[in-house]
Amino acid sequence: MRVLVISDIHANLAAFEAVLADAAGSWDQIWFLGDLIGYGPDPNECVALLRQHDHIGLSGNHDWAVLGKLDLHTFNYEAQKAIQWTQDAISEETREYLDSLPSKLLQESFTLAHASPRQPVWEYILDTHTATVNFDHFTTPYCLVGHTHIPSLFAAEDREVIVSYVPMYNTPISLNGIRYIINPGSVGQPRDSDPRAAYGLLDTDSMTWQYRRVAYPVSQTQERMHKIDMPVRLIRRLEFGL
Ligand code: ZN
């Protein structure tokens, strides 16, 4: 099966639409790794668009916060403002859908977790030390995570050595034989100094993974955020991918 792997849409409809257009014809099912909402101006529209497609999905820490499952004080001031706006903006249907999502699940040879297999909602896998610990917390060959908003790949090439790779775009890599923790990056709020939307294409028959990036109309999302009075720092950072 060909899978479109996406994470951290964060209510950025323009970015989500750009990813779907760029990947059109290349996938059969979406695997969504959590944080559909928070930050962006279009929570209901993003939830509706995801639900139009054959998909499986996870909930992330921002989804939990909007649902009241996480203390708002664990977020910075701007994120709190965005979460509070989102709490008022979402429909009952959106709320029920988000509430139905797990934060971790198993699919074929893959463990899917929003943040990490050890702490599915909260832990950031940003370095080889954290990745090393997490390889003991899933039993499948591969694990897909989001949450950091940074595309990354950690490989356990033997029991002792964990190697991290910088992603190469548009170049399929073979997953066979090595355990991996893979992060596709963020659709709607990239934070690796590249403002383009990030996603991954996975082929579970050939067991190959491909990183992808696509530019989207950032100013369109920014204008919508201005209209609803989102904090300026959240609006500006989209231009820089920070
Ligand atoms: Zn996120």
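Read-outs throughout are calculated quantities, based only on the coordinates presented, and are distinct from any laboratory measurement. Bear in mind the structure is a predicted one, so any value in this text is a computation, not a measurement.
Expressed to the nearest 5 percent, the antiparallel share of DSSP beta bridges inside segment 1-143 is 30 percent.
Tell me the mean residue ellipticity at 222 nm calculated for the chain from its helices only (DSSP H runs of n ≥ 4, each -39500 (n - 2.57), averaged over every residue, nearest 500).
Taken over the chain, the calculation gives -8500 deg cm²/dmol.
Across segment 18-152, the relative contact order, built from alpha-carbon pairs under 8 Å that are at least six residues apart, equals 24 percent. By the rule of a C-alpha distance below 25 Å, with chain neighbours fewer than 8 residues away ignored, the lysines paired with K227 are K81. Relative to the dominant Cα principal axis of the chain, helix 77-89 is inclined by about 70°.
For segment 1-79, what is the relative contact order in percent, using Cα pairs closer than 8 Å and at least 6 residues apart in sequence? So the answer I get is 32 percent. Counting only DSSP beta bridges with both residues in segment 94-158, the antiparallel share comes to about 50 percent.
Counted over the chain, the DSSP beta bridges are approximately 65% antiparallel. Please say if the chain is rounded, prolate or oblate, where rounded means a/c under 1.5 for a ≥ b ≥ c the square roots of the C-alpha gyration tensor eigenvalues, and otherwise the choice is prolate for a/b larger than b/c and oblate otherwise? Because a/c hits 1.5 or more and a/b exceeds b/c, the chain counts as prolate.
Dividing the mean sequence gap of close Cα pairs (under 8 Å, 6+ apart) by how many residues the chain holds gives a relative contact order of 23 percent. Within straight-line reach of K104, meaning a Cα separation under 17 Å, sit the following aspartates and glutamates at least 8 residues removed in sequence or on another chain: D8, D35, D63, E123, D136. Taking the C-alpha atoms only, the angle from helix 218-227 to the longest principal axis of the chain is near 40 degrees.
Enter the angle in degrees (range 0 to 90, nearest 10) between the Cα long axis of helix 13-22 and the first principal axis of the Cα atoms of the chain, meaning the one along which they spread out most. Result, in degrees: 40.
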